[in-house]
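So the structure is just underneath, and the comments pick up after that.
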Amino acid sequence: MLRAWLYRFARDHRANVAVIFALMMIPIIFLLGMTLDFTQALRKKEQLDAAADAAAIAAVRPAMLMQSDTVAAATANAIFMSTANALAPGLQNGAPTPTITVTDTGLSRTVSVSYTSAALNNFPKVLGNGVSKVAWPISGSATSQAAAAPNINWYFLTDDSPSMGIGATLTDINNLITYTAPSKQPATASQNCGFACHEANIAHEGGTQDNLAIAKANNVTLRIDLLKNALTQLFVSYTGCPQTSITTGVMNCMSALNNTTYKAALYTFDVSLNTLATLTTPTLAGNQIGNISLMQVQYQNCIYVGCSSTSTSNPNTDFGTDIAGALSTLNSSLPSPGLGSNASGDTPQEVVFIITDGVEDKIVANAGACPNASLASHNRCQQPLDTTMCTTIRNRGIKIAILYTEYLQLKNLGSSQNITDNWYMSWVDTYDEPAPDTGTIAAKLQACASPGFYKSVATGGDITKALTDLFIKVASSTASLTQ
């Protein structure tokens, strides 16, 4: 009887599901608990990682870079703990204390923030062979690096050769061509002049006004006028500074924002380097901007009084721009650069800032070295900048920034006059192709500049914005997470 009952019980499958479900509930609850605990641990890790990131960045902000390592570390600790303290109830042993390392190398600061903690489990006995597991271990780290903005001596070299007398816009070019038409200028004078033809002594040619005076009398804006406006914003007057109390120029604005010291020198260059202001405050240097003017040409294509195309006393006066020569003269007076820190015995960094259209027109000792063979026959050479001196200056640790005011392509010049400059086509056009921003002139200037410190602006473009943007780029430094 008993045997039969046991047999029937063994064969009866009713309620198996309930039994199996009851048996499976135990591991399912354990797995759900473990999942919830692990998810909570990951969330706390993400929050602590974000706190470490914020702490590392805070210690290398521009204002903090001027503080001691101790202050930087304390700031990073405070930023981290503001988040960690809020998470303390869910962490084993409360909020973790971060390990903060601050390392300075010259102007550069590296900050590392790391932590180790554990997130409490809500199901403490579900893991590992019955062994109590009360918390998930979590850890993380963040590293940031930045360089303090350096103290800098700035040396501005501005091109004042006749080619900077181009009309500022196509309208200005067309207007100047109209005002210097043959009906308004004698046949021996520079007619249909939209570019580089401004004599100071026109009387010998039967005229009463030189073309530069004509441009001024008719309110024609020239590129050199735009250049002076751009320098004025940089040195003297600026209304866009975040520190609204500073309106004395972009340089003073950046100096205040970066907590640095800037000095500035101002030069022009044509056949030689001309000093307007040696190193002084940007404001005092800016007072000399009004003295920038186009190089005087006494006769067309002659820079000396009394010379002519057949002069034997000055046979090689038909030239006007020696960029490499100006750089060589400046280099001989430039000091060796320092790091630009405020440490005792350190000196400022040195930056040469060149504004030019990039074509040299000079006398050379070795005629065979000039790419224009016909010009070289009498030692005159027109060519893109020879970058040899640029390399010499950069090798000294001195930075070079270049704003290229693009050399105008003088083909079909003027919307109505359809004028082409024959001299340009013979001697310059080959360097200005396929376009001013991609030709050999642009390539040489970019090769002269330190990496990243080159910018070009076309005829009619905003020279003031281009100059300001490039200056800020050279002067600025930023902080970033490296890990």
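Here, each number is a calculation from the coordinates, and none is a lab measurement. None of the values given here were measured: they were computed from a predicted structure. Note that each Cβ is placed from the backbone with ideal geometry, even for glycine, and that neighbours are counted across all protein chains shown.
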- [ ] Please order Cys193, Cys241 by the number of other Cβ within 10 Å, starting at the fewest.
- [x] Cys241, Cys193
Task: In Hz, Karplus ³J(HN,Hα) per residue of region 380-386 (6.51, -1.76, 1.60; θ = phi - 60°; x = Gly, Pro) - done: 8, 9, 10, 6, x, 3, 7
Task: Residues with amide H under 5 Å from that of Ala119, placed H, sequence gap 5 or more - done: Gln92, Trp136, Ile138
Open item on the list: How would Ser293, Ser141 line up from fewest to most surrounding beta-carbon atoms within 10 angstrom?
Closed with: Ser293, Ser141
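Could you list Tyr155, Tyr179 so that the one with the fewest beta carbons within 10 Å of its beta carbon is first and the one with the most is last? Mind showing how you got there, number by number?
Details: Tyr155 23, Tyr179 19.
Ordered by Cβ neighbours within 10 Å, fewest first: Tyr179, Tyr155.
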